[in-house]
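The values are calculated or read from the model by the stated rules, or taken from the named source; none is laboratory data. Everything quoted here is computed from the prediction, not taken from an experiment. As a convention, Cβ positions derive from the backbone with ideal geometry for all residues, glycine included, and neighbour counts pool all protein chains shown. Accessible surface areas use protein heavy atoms only, side chains included; no ligands, DNA or RNA. Shrake-Rupley method; radii C 1.70, N 1.55, O 1.52, S 1.80 Å.
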Amino acid sequence: MSNKKEKMLISFSILLLICCWVNVSIAAVTIKVWKLGGSPKEVEFWPKVNEKFIKQNPDIKIDYHFFYGQIRRQKIIGGFQTKNLADVVIAFGQDIPDFVGLNIIQPLDKIEPAIVDSWKERIVPEIWNTCVYKEHLYAFPTYVDMGTFLAYNLDALEEAGFEGPPRNWTELKKYAEKLTKPGRPGIALQATLAPVDINIFEGIAYANGGRFLDEKNNKITINEPGFVDALQLYYDLVKGGYTNKNLTETRFWEGAALFAEKKVAMWAGLSWLITPWYWPTPKGLRWEGTLFPRPDKPTGKFSPAATIMDPTAALMITTLSKHPEAALKYIDFWAQPEQLNLWNGSAEVCRVPAYKGAYDSPQLKKVWPEWVRLYKAGELFKGSLPMPRFIGLSEAEDILGKAIQSVVLLQKDPKSALDEAAKKAQELYDLLRM
């Protein structure tokens with residue numbers, strides 16, 4: 001073979017290798033994923049499950065990062081503004097209106113409608129609807145947190161002569177008074193500005209027929225009886241001396257610790273109660289959880305909500321994603337039964353599953369028999385609503401939280417505190433709607 005032919009063959013081989021390398025480079029894409037918040041167990045298993053996705057999809061690489069859930073809005077909005085945002089963000093359903101209004105996330109059902117439609121039949125309808133906004137699905141829900149619930153110490157109740165948990169607000173006050181002992185308040189409440197603490201209060205107010213926003217009239221309604229009387233309940237419990245001290249400094253996980261360590265007899269929390277931090281149950285603690293007591297007679301003008309719920313690991317695709325199809329493939333992976341069953345009591349016990357099939361799981365029945373019983377009876381989600389969600393919610397909840405603080409510090413009465421808060425929140429809401 002002549003030198004000329006050899007050189008041509010070598011050149012051709014090199015060119016062929018370059019073309020192959022370019023094709024591989026084009027085929028293999030990287031999607032950035034931000035997980036914002038999650039229980040300790042969930043934080044542990046999520047990146048491990050990602051490895052399974054990578055093995056199944058060698059053409060897609062995952063650049064995964066975890067961040068604390070309470071900074072999610074600031075982190076995502078800041079990333080969008082600086083054009084340094086993930087392809088997939090795993091955040092809360094409450095965030096959807098703000099993110100849509102700011103053009104941060106895109107409708108999943110406009111990327112690949114057939115794939116999105118394939119998810120719907122396996123998800124609880126009420127949970128599916130927590131991710132629907134303006135008739136489009138903007139996120140996929142893996143589970144929800146529900147509010148508001150009450151944990152109660154069985155030994156403490158039996159010692160005080162109570163046979164079961166309190167059923168209404170009048171009974172709750174009686175229980176809290178009788179269960180209060182030196183060094184052990186009857187009930188733990190939280191009133192920091194952490195969104196979960198505010199959600200716990202909102203659940204109580206919604207069960208009283210309150211709403212944060214009257215959507216038909218675009219009116220903030222936190223100064224109407226549904227909310228005012230719920231805040232009066234907080235005031236009465238604090239004024240009576242039946243609660244923990246430092247409510248404005250004690251966050252929800254610290255309230256869980258007070259209960260788990262038997263430093264309070266009852267505790268108001270979301271559906272997971274103490275399980276994210278104390279599972280299995282601490283030795284010597286006998287406890288149960290139930291819905292927070294209902295008002296004796298609802299005073300709000302809206303229908304009382306059985307619970308309010310929010311998907312706090314909802315997968316969304318951002319508008320800055322350069323690979324929306326690959327990002328949707330990642331979400332489709334998490335939408336399959338094998339991954340959704342991680343919340344059936346086998347890997348994680350503290351979340352209310354979105355997957356219908358999870359309620360056939362013996363593990364879930366063992367851990368949360370009441371959830372399974374109510375689901376099978378068609379009652380677990382009946383009358384439940386999404387947690388408040390509208391443009392400007394984050395700032396509006398901060399205003400509400402400060403009003404709650406002024407009342408539990410005994411600085412203002414519930415009505416005047418909420419009148420001031422409603423006025424500020426309305427001005428903010430009107431400004432953002434312009």
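A few comments on the model shown:
- Among the candidates P113, P125, the residue that is surrounded by fewer than 19 Cβ atoms within 10 Å (Cβ to Cβ), closer than 19 Å to I308 by Cβ and of a type outside the set (D, E, K, R) is uniquely P125.
- Any hit, region 403-410, residues being open to solvent by 60 Å² or more (accessible area, probe 1.4 Å), of a type outside the set (S, T, N, Q) and modelled with pLDDT of 95 or more: yes
- Flag not set for P362, criterion: surrounded by fewer than 22 Cβ atoms within 10 Å (Cβ to Cβ) and touching a Lys or Arg at 6+ places or on another chain (Cβ under 9 Å).
For every residue, the table says whether it meets (1) of a type in the set (A, V, I, L, M, F, W, C); (2) under 26 Å from the mean Cα position of the chain (by Cα); (3) more than 23 Å from S271 (Cβ to Cβ).
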| residue | (1), (2), (3) |
| --- | --- |
| I127 | yes, yes, no |
| C131 | yes, yes, no |
| K134 | no, yes, yes |
| T142 | no, yes, no |
| G147 | no, yes, no |
| L150 | yes, yes, no |
| A160 | yes, no, yes |
| W169 | yes, yes, no |
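- Listed here are the strands (runs of 3 or more DSSP E) enclosed by region 23-126 that have at least 2 residues being of a type outside the set (K, R) and under 18 Å from P353 (Cα atoms): 88-91.
- Conditions (1) of a type outside the set (F, W, Y); (2) modelled with pLDDT under 95; (3) open to solvent by less than 20 Å² (accessible area, probe 1.4 Å): number failed by A417: (2)
- When D109, D117, D87, D155 are checked against the criterion of being farther than 30 Å from Q190 by Cα and in contact with a Lys or Arg (Cβ under 6 Å, 6 or more places away or on another chain), a single residue qualifies: D87.
- Qualifying residue in region 129-138 (condition: open to solvent by less than 10 Å² (accessible area, probe 1.4 Å) and under 25 Å from A425 (Cβ atoms)): yes
- Residues that are open to solvent by less than 40 Å² (accessible area, probe 1.4 Å) and of a type outside the set (V, I, T), drawn from region 259-281: F259, A260, A265, M266, W267, A268, G269, L270, S271, W272, L273, P276
Quick grid of which residues meet (1) closer than 30 Å to W253 by Cα; (2) modelled with pLDDT under 95:
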{"residue": "F12", "(1), (2)": "no, yes"}
{"residue": "V29", "(1), (2)": "no, no"}
{"residue": "L36", "(1), (2)": "yes, no"}
{"residue": "Q70", "(1), (2)": "yes, yes"}
{"residue": "Q81", "(1), (2)": "no, no"}
{"residue": "L85", "(1), (2)": "yes, no"}
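- Identity of the residue in region 170-195, surrounded by 22 or more Cβ atoms within 10 Å (Cβ to Cβ) and touching an Asp or Glu at 6+ places or on another chain (Cβ under 8 Å), that ends up nearest to A151 (Cα to Cα): G186
- Applying the criterion of being part of a loop (DSSP other than H, G, I, E, B) and touching a strand residue (DSSP E or B) at 6+ places or on another chain (Cβ under 6 Å) to the residues of region 345-371, the residue that is farthest from I127 (Cα to Cα) is R351.
- Residue match in region 385-394 (condition: under 22 Å from K219 (Cα atoms) and assigned to a helix (DSSP H, G or I)): yes
- Residue in region 392-409 that is in contact with a Lys or Arg (Cβ under 6 Å, 6 or more places away or on another chain) and farther than 30 Å from L231 by Cα present: no
- A search for C-beta distances below 7 Å between a residue of region 323-352 that is within 19 Å of K32 (Cβ to Cβ) and any residue that is of a type in the set (S, T, Y), counting only pairs 6+ apart in sequence or on different chains, returns A327/S321; W334/T142.
- Residue check, W287 open to solvent by 30 Å² or more (accessible area, probe 1.4 Å), over 21 Å from P185 (Cα atoms) and not hydroxyl-bearing (S, T, Y): no
- Residues being out of contact with any helix residue (DSSP H, G or I) (no Cβ under 6 Å at 6 or more places or on another chain) and within 16 Å of G210 (Cα to Cα) - total across region 369-387: 2
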